[in-house]
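Working notes, beginning with the structure itself.
The values are calculated or read from the model by the stated rules, or taken from the named source; none is laboratory data. For clarity, every value in this text was computed on a predicted model and none was experimentally measured. Cβ coordinates were reconstructed from backbone atoms using ideal geometry, including for glycine residues, and neighbour counts include every protein chain displayed. Protein only, heavy atoms only, side chains kept; ligands, DNA and RNA dropped before computing areas. Shrake-Rupley method; radii C 1.70, N 1.55, O 1.52, S 1.80 Å.
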Amino acid sequence: MDKKWLPLTIVLGAAGVAVVTASLWPDNEEKPPLPQTLCYGALSRQTAELIDDGKGGEVSTEEWESPGKGDTAVFKTCQVLRANPDSDYPRGIFQLIISDERYDSGPRKDSVPLGSGFTGWVLPEEAEAMLPTGCAARMGSTAPYITVTLSAPSQAEKKDLVDRDTALRNSAAVVREAAAKLAKKYDCEA
């Protein structure tokens, strides 16, 4: 080999080794696994994905809590979001509110009973479950009731995304699971 080509051969060989090493080197920016529980541990990812606005996208949440109004002590809100394929900003799908209440407001007009396990009611776009007696005290409240309320405007019948029965089942599944997991977490199951 001609000595004048030796430096070029060494440089090209080193560059080749660097490219192969870089392509095989593990990526340092591994994404953490998605959380399997959302909304203060009250919802599974699978149940949160039941309610959709028809556009898909990865589920995420924004959670915040504050003292309730007046002498109430519990107010937690969880906004369930879905990723937009063409935007960096996720869109809101539904909201779950956990709060203490001084009185039972009863069911909404045209709602159906929540079913076995919890007192509550369901509409396609809204639902509410009342946690068992004793949960309020365990959660630090002097109010007699703790409610889990779902607001899912995309499920309204006028939006025509899903039929009424499916929307009722999905809304009921979300509040039932949230109420059951919170009751278990605070050891106040019925």
Identify all residues within segment 58-77 that are open to solvent by 40 Å² or more (accessible area, probe 1.4 Å), at pLDDT below 90 and either touching a helix residue (DSSP H, G or I) at 6+ places or on another chain (Cβ under 9 Å) or of a type in the set (G, A, S) (or both); write none if there are none. S66, G70, A73
Across segment 101-116, what is the total count of residues that are free of Cβ contacts under 8 Å to residues at least 40 places away in the same chain and open to solvent by less than 90 Å² (accessible area, probe 1.4 Å)? 3
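Filtering segment 147-183 down to residues that are charged (D, E, K, R) and in a loop (DSSP other than H, G, I, E, B), which residue is most open to solvent (accessible area, probe 1.4 Å)?
Within segment 147-183, the first condition is being charged (D, E, K, R), and the residues that meet it are 157-160, 163-165, 169, 176-177, 181.
Applying the additional criterion that residues be in a loop (DSSP other than H, G, I, E, B) yields 160, 163.
Numbers: D160: 125, D163: 86 Å².
Out of the qualifying residues, it is D160.
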Tell me, yes or no, whether segment 44-54 has at least one residue that is closer than 30 Å to S151 by Cα, of a type in the set (K, R), at pLDDT 90 or above and in contact with a strand residue (DSSP E or B) (Cβ under 8 Å, 6 or more places away or on another chain). yes
Could you tell me how many of the residues in segment 124-145 are over 25 Å from E58 (Cα atoms), open to solvent by 10 Å² or more (accessible area, probe 1.4 Å) and out of contact with any Cys (no Cβ under 9 Å at 6 or more places or on another chain)? 5
Quick test of your reading of the structure: T119 fulfils all but one of (1) crowded, with 16+ Cβ neighbours inside 10 Å; (2) modelled with pLDDT under 90; (3) of a type outside the set (A, V, I, L, M). Name the failing condition by number. (2)
Under 8 Å between Cβ atoms, at least 6 apart or on separate chains: pull out the pairs that start in segment 152-179 with a residue that is over 19 Å from K55 (Cα atoms) and end on any residue that is among the β-branched types (V, I, T) and part of a helix (DSSP H, G or I). A173/T47; V174/T47; E177/T47
